[in-house]
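Below is one structure, written out as structure tokens, with a few remarks after it.
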Amino acid sequence: MELPVRIVPCPIIDSVIEIRFETKIHPSAVFGVIYNELNQKYPKVDNLPLSQMPESLREKDPNLMYKPVYKITDGKYIIQIGPKVITISSPQEYIGWKEFSQRIQHCIEVIYRLKIVEKITRIGLRYVNFFEYNIFDEINLGVIRNGQPLKSDNINVRTELKESSFTHMLQVANKVNLNKDKFVKNGSIIDIDTFRTDKLSRFFTRSTEIIEAAHIAEKKLFFGLLTSEWIKKHNPEYKNGN
């Protein structure tokens, strides 16, 4: 199956890459060291709510130890940093994989140059897609009850799918409220988090390859869920021009 380069209108409302790591330096020093390298490009700094919690408590809670503590932004991209994690996101209108991946690689190069990472423990690429209708009417996925498709305005499917080097956390829901531009929209989401936790010892020398592979794996799952009729209706553009 040839994957579209883009579809119009683009349903992506959030895109983020998360990199978890063990550090060579004291965890409390991670933000300062990284920010010192990125502050010219991302000048605005905000403390996230977790910064108010003592580091000793965050370290003991497995639900918090990989959460970011600070946020920096250039107004278009957001970078969030914690003692064991960095995320790069494009929460505004999606500008395409080419530019987004360049921003990702720039941050990875900075972290590699700083020599503060002992090892990478997880790499995850997540896309959230929003639709102003019941997406279960348009996808190759459903819920069966007593041998019949379940029809409901409130279905939430969450599952984990293993595929080669990656695992996908997939969530599809048809009762979602989106707050955007001071308006509330009702609709559905397809939320895919594509990640891996193994074979990352050479991540910094293979980062482009690994992240590109995650992107392709996520796209294959996304477009594999959608019917061919839906894809045709959304003006798909392909590399070969067809």
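No value in this document is a laboratory result; all are computed from the given coordinates. What you see is a predicted model; the values in this text were computed from it and never measured. Glycine gets a Cβ as well: all are built from the backbone with ideal geometry, and neighbour counts include every protein chain shown.
Summary of values
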read-out: Distance between modelled label sites at K76 and K185, nm, 7 Å Cα→Cβ extension; value: 2.2
read-out: Shape category assigned to segment 121-217 from the gyration tensor of Cα positions, a/c cut at 1.5; value: oblate
read-out: Cross-link partners of K199 among lysines (Cα-Cα below 30 Å; sequence separation of 8 or more within a chain); value: K24, K60, K67, K71, K84, K98, K115, K119, K162, K219, K220
read-out: Extension gain, N154 back to K60 (0.36 nm per residue minus Cα-Cα distance, nm); value: 30.2 nm
read-out: Cross-link partners of K175 among lysines (Cα-Cα below 16 Å; sequence separation of 8 or more within a chain); value: K151, K185
read-out: Under 14 Å, Cβ to Cβ, from I135 - net charge with Lys/Arg +1 and Asp/Glu -1; value: -2
read-out: Net lengthening on full extension, R6/K220 (0.36 nm per residue, minus Cα-Cα); value: 75.7 nm
read-out: Nearby aspartates and glutamates by direct alpha-carbon distance to K44 (threshold 18 angstrom, same-chain neighbours under 8 apart not counted); value: D74
read-out: Length added when fully stretched, I231-E212, from 0.36 nm per residue minus Cα-Cα; value: 4.6 nm
read-out: Loop GluC sites (Glu not before Pro), segment 1-66, which have at most 16 other Cβ atoms in a 10 Å radius of their Cβ (DSSP); value: E2
read-out: For segment 144-172 versus segment 181-242, the gap between their alpha-carbon centres in whole angstrom; value: 17
read-out: Options (i) 0.92; (ii) 1.01; (iii) 1.09 - which one matches Cα Rg over 2.2 N^0.38 Å as calculated here; value: (iii)
read-out: Segment 17-163: relative contact order as a whole-number percent, Cα under 8 Å and 6+ apart; value: 30
read-out: For segment 9-86 versus segment 114-138, the gap between their alpha-carbon centres in whole angstrom; value: 16
read-out: Degrees separating the helix 97-114 axis from the principal Cα axis of the chain, which is the longest one; value: 20
read-out: Burial ordering of D74, D46, fewest other beta-carbon atoms within 10 Å first; value: D46, D74
read-out: Efficiency of FRET between R145 and V110 - r from beta-carbon atoms, R0 51 angstrom, step 0.05; value: 0.50
